[in-house]
Structures are given as C-alpha cells and as structure tokens.
Amino acid sequence: MKYCLVGAGFSGAVIGRELAEAGHEVTVVDERSHIAGNCHTERDAETGVMVHTYGPHIFHTDDQEVWEYVNRFTAFKPYVNRVKATSRGQVFSLPINLHTINQFFGKTMRPDEARNFIEAQADMSIENPLTFEEQALRFVGPELYEAFFKGYTQKQWGCHPSELPASILKRLPVRFNYNDNYFFHRYQGMPEHGYTRLVEGILDHPNIVVQLNTRFERNQAADFDHVFFSGPLDGFFDYKLGRLGYRTLDFERFTYQGDYQGCAVMNYGEESVPYTRITEHKHFSPWEEHEGSICYREYSRFCEVDDIPYYPIRLVKEKALLSDYVAKAQQVKNVTFVGRLGTYRYLDMDVTIREALDTARDFLNCNENQQPVPAFFVEI
C-alpha cells in the first residue's frame, strides 16, 4: 500500500516508520525546509551550540516503551530540568519547593512546618477551584501566586488567570522538600546530537521517501491509499469555518561571550518584564563546553495568519469551533488526523510518540481485519 504522512515531526516520522517496517511504501511531506517540526535543532556555526530553533524541548516520560524507542535511533544523555525564576529582585527555584518557600518568606522551616505555613496562606474558602486564579489561591496563597504565577500566566496566555481553567495549574507541583527537578518522570534526558538527528534516524528506512519544501494539497489524497495529516486541523479545510485559536511565540535571539545566566531556563513572572523567560541553549547540552552562548528572550502573543501555532487555547469558543471541524473531518475518507495540530491538543513529545505508535498499530489492525479507519484514533 502507499501511504502519505503530512508533516515530518514526531507524529509523521513514527507512524511512517511503523508502516514502512510493515512493508508499505511511505511518503513523508513537509512544507518546511527541515524535518523534526518544532523540535528541530541545529548547531550554531559561530559558537557550536546546539540550538533548539523553535524553543527548548526536554524529553521526559514514564513510558518505558517510548524511552526505549527513542534510544533505538540516537544516544540520549542524562538531563535534569532545573528552572529558575527572577522575582522581586531575587532568583528562586521552580517548581515551588522548600528552598523557594524558605527563601521567599525569609524562614528556615522544616517540611511539616512549611506545609502548615502554606496551608495558612491558602484561601481555604475556595472548596472547588474552577479557574487558574482560584486554584493558585487555594493551594499557595496570594503572595506566591502574585510572585510566580499571575504575571507569567497573563503574558503566556494573553488573558487574566481568572479566565483560564484550573486544569492548567494542576500540572505545577508544590514540593515540601528540596527537590528542584522540574519533572517527576522516571526517564529524563536529551538526545546527544539533537532532536533532528533523532528524527533522521526514525525516517531512515528504504521504504520511506521524504519531500521537504512541499505543500500537501487536499486533492493529493487520491494518490494514496491513506493519508495521516499532522498539520492544522482547520488548515486541512482551508479555514472555511474560521481559525482555531493558538498562542504563538516570538524569540529575540542574542549571543553572549561567556555564561549569560548560569542555567537553561530563567522565568520572569512580573508583568513589568515583557518576556516570559530567557533560555540559554548551551545549558541544554551540559556535557558540552562552549565559550560563546546563544540565548532567546521568549514573548507570547495571539497567533496570526502567518505565525507558527504553538499552544492551542481551547476555551469555550475554540471548543465549539473544534467540534464543527471534527464533524467535518469524520466525513472525509481515507484521512486520519494526528498529532498536536491535527487533534488541536497540547502534547508532550513522549505522548506524541505513544499516540503515533498506537495509531500505526491500530491502523494496521483495522486493515488486517477489514474494519473502517476512523478520522481520529484519540478522543478530541
């Protein structure tokens, strides 16, 4: 069979690889000049630093099969994400932990003392937090909320935290020990030679042809037995019902001779600072040494027509439009929508790979049992 994968990021590469290994002919197309999508990495010619072109990506997962899968195609090095935050003229450790709490309040509390102290700060009258702001006030109280969450969130999402669902904040833990590892996951690391090398390895199969600088047109679907589309769901239909809302990012790139900030990620939670964070890319490869440095100041704003979509907004208006597009997609034959853009969901890399593996296997099973192939293999 002949299959087309639209998009050369993780979704297209992993599904394509699974289908190729099953003996099928696979064409992967991408309108960009490179593979790996927003995970694309490349060496800066002047400094030698491995740059995360579209912003940093840190691999973390509890999924052993996914971890073993990515390690098939490239070597991973240990990496622990330790985020810092500048607020009120000081540098603090994130996520909020015992060091953060003691430093912020000028105390030397033990874990149980800190837990009781934070509970006393919290607004216990909020029994069922519905918004981001209520969630923060309920669990950390007004001072920590103002210092670390309120301004950052307004800059990141372009609206007041009272307009955002509480679920956004549920991903941010508060720890009553000195563990400053941003993630809890069992497997954490960085590909030694960058994410693009990883995706190259996945796509390196005799049954796979990659076509870059190539825009997929909807009528081309007739040339293939099936198409997996990882581009924007609304874009597949030429945005006829309207555009789904996204936040995009602008990067102000600058070089520095030496070490600019001493860490990979520095958040800026205050509204008076226009950017959300500064990332220093050589710290994402701590096993390397570079005199020069590449940094990004990161600004978030609403995604316009020619911008790269990053974060789906998924508020009430967007969800209503999404349901209309899902209904249209379910009427299309021989096309399955996959990945972050194709399903209009925020997905970490490990989840993207897991869903791609499952999608390819379910698809092959549908074909083997002569069952209809759905437009979506996941719940939207």
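Quick note: the coordinates plus some simple rules give every number you see, no bench work behind them. Bear in mind that the values here come from a model prediction, so they are computed numbers and not experimental data. Cβ: placed from backbone, ideal geometry, glycine included. Neighbour counts: every protein chain shown.
The figures follow:
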| item | result |
| --- | --- |
| Over 22 Å between alpha carbons, listed pairs Lys84/Lys319; Lys2/Lys328; Lys84/Lys107; Lys84/Lys282; Lys240/Lys319; Lys240/Lys328 | Lys84/Lys319; Lys2/Lys328 |
| Estimated distance in nm for a label pair at Lys2 and Asn116, the labels positioned 7 Å out from Cα along Cα-to-Cβ | 7.3 nm |
| The stretch 83-171, relative contact order in percent, only Cα pairs under 8 angstrom and at least six apart counted | 23 percent |
| Contour excess over end-to-end distance, with Cα ends at Val316 and Arg215 and 0.36 nm allotted per residue | 33.2 nm |
| Taking the chain and dividing mean pair separation by its residue count, relative contact order in percent (alpha carbons under 8 Å, at least six apart) | 25 percent |
| Loop GluC sites (Glu not before Pro), the stretch 32-100, which have at most 13 other Cβ atoms in a 10 Å radius of their Cβ (DSSP) | Glu46 |
| Additional length obtainable on full extension of the chain from Arg43 to Val373, 0.36 nm per residue less Cα span | 114.7 nm |
| Of the GluC sites (Glu not before Pro) in the stretch 215-273, those whose Cβ has at most 15 other Cβ within 10 Å and which sit in DSSP loop | Glu217, Glu271 |
| Where the Cα pairs of the stretch 156-246 fall when distances are cut into 5 Å bins, in % | 2, 7, 10, 12, 12, 15, 14, 14, 9, 4, 1, 0 |
| Fraction in percent of alpha-carbon pairs per bin - 5 Å, the stretch 83-171 | 3, 14, 24, 25, 20, 11, 3, 0 |
| Sites Asn71 and Ser272 - FRET efficiency at Förster radius 30 Å, r taken between beta-carbons, to 0.05 | 0.10 |
| Rule-of-thumb Rg ratio for the stretch 269-354 [Cα; 2.2 N^0.38 Å; N residues] | 1.54 |
| Dipole of the chain, positive direction: furthest Cα of Tyr152, Leu357, His24, with charges on the beta-carbon | Tyr152 |
| Cα centre as origin, Lys/Arg/Asp/Glu Cβ charges: the chain dipole, Debye | 540 debye |
| Cα→Cβ-extended label distance, 7 Å offset, between Val326 and Ile308, nm | 2.8 nm |
| Ranked His57, His99, criterion: other C-beta atoms within 10 Å, fewest first | His99, His57 |
| Volume of the Cα convex hull of the chain, divided per residue and given in Å³ | 154 Å³ |
| The stretch 305-370 shape via C-alpha gyration tensor axes, a/c threshold 1.5 | oblate |
| The stretch 1-137: radius of gyration over Cα atoms, expressed as a fraction of 2.2 N^0.38 Å | 1.60 |
| Exposure proxy order (Cβ contacts within 10 Å, fewest to most) of Asp30, Asp250 | Asp250, Asp30 |
| Efficiency of FRET between His160 and Lys333 - r from beta-carbon atoms, R0 56 angstrom, step 0.05 | 0.80 |
| Built amide H within the under 5 Å cut-off of His160, gap 5+ | none |
| Fewest-first sequence of His60, His160 by Cβ atoms within 10 Å of each Cβ | His160, His60 |
